[in-house]
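Single-structure report; data block below.
The values are calculated or read from the model by the stated rules, or taken from the named source; none is laboratory data. Remember, predicted model here, so these are calculated numbers, not experimental data. When the accessible area is computed, the model is the full protein with side chains, heavy atoms only, and any ligands, DNA or RNA have been set aside. Shrake-Rupley method; radii C 1.70, N 1.55, O 1.52, S 1.80 Å.
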Amino acid sequence: QLQLVESGGGLVQPGGSLRLSCEASGFTLSYYAIGWFRQAPGKEREGVSCITRSYGVTNYAGSVKGRFTISRDNAKNTVYLQMNSLEPEDTAVYYCAAGPYCLLVGRVVYDYWGQGTQVTVSS
């Protein structure tokens, strides 16, 4: 079975931090670019961050630059999203994806998607 499994979501107060994890099984995650996306009820899917497979070049949505950091641990076949200074606007289901390109907008093409993990930022 080829799958991505997200974890680390939860309830956090504004200004708090969470670290999301995305672990791959059935394939080697280091061979793929990895993206994080999020979607809130009634809203469009939003690209949050991605990292290339070649040299680790990263990209971030303007709304999260300076607050979120994407990284990968190839030995653990896992990608992380460190989220700091969280705000209520960050509340969404967060998904990780693996594919050939590090794309967040326009025509995004990813081969594998996780089931998502809920992040709720509320006081």
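Note on the stretch 1-61: with neighbouring protein chains present and a 1.4 Å probe, carbon and sulfur make up 45 percent of its accessible heavy-atom surface.
A straight line joining the Cα centroids of the stretch 1-25 and the stretch 77-107 runs 10 Å.
In plain terms, if you count all Cα to Cα distances in the chain and split them into 5 Å steps from zero, the share in each step is 2, 12, 24, 26, 20, 10, 4, 1, 0 percent. Among VAL64, VAL79, VAL105, the residue with the largest mean-square fluctuation in a Gaussian network model of the chain, with springs joining Cα atoms closer than 10 Å, is VAL105.
In the context of the full set of protein chains, residues of the stretch 64-108 present 49 Å² of accessible surface per residue (probe radius 1.4 Å, heavy atoms only).
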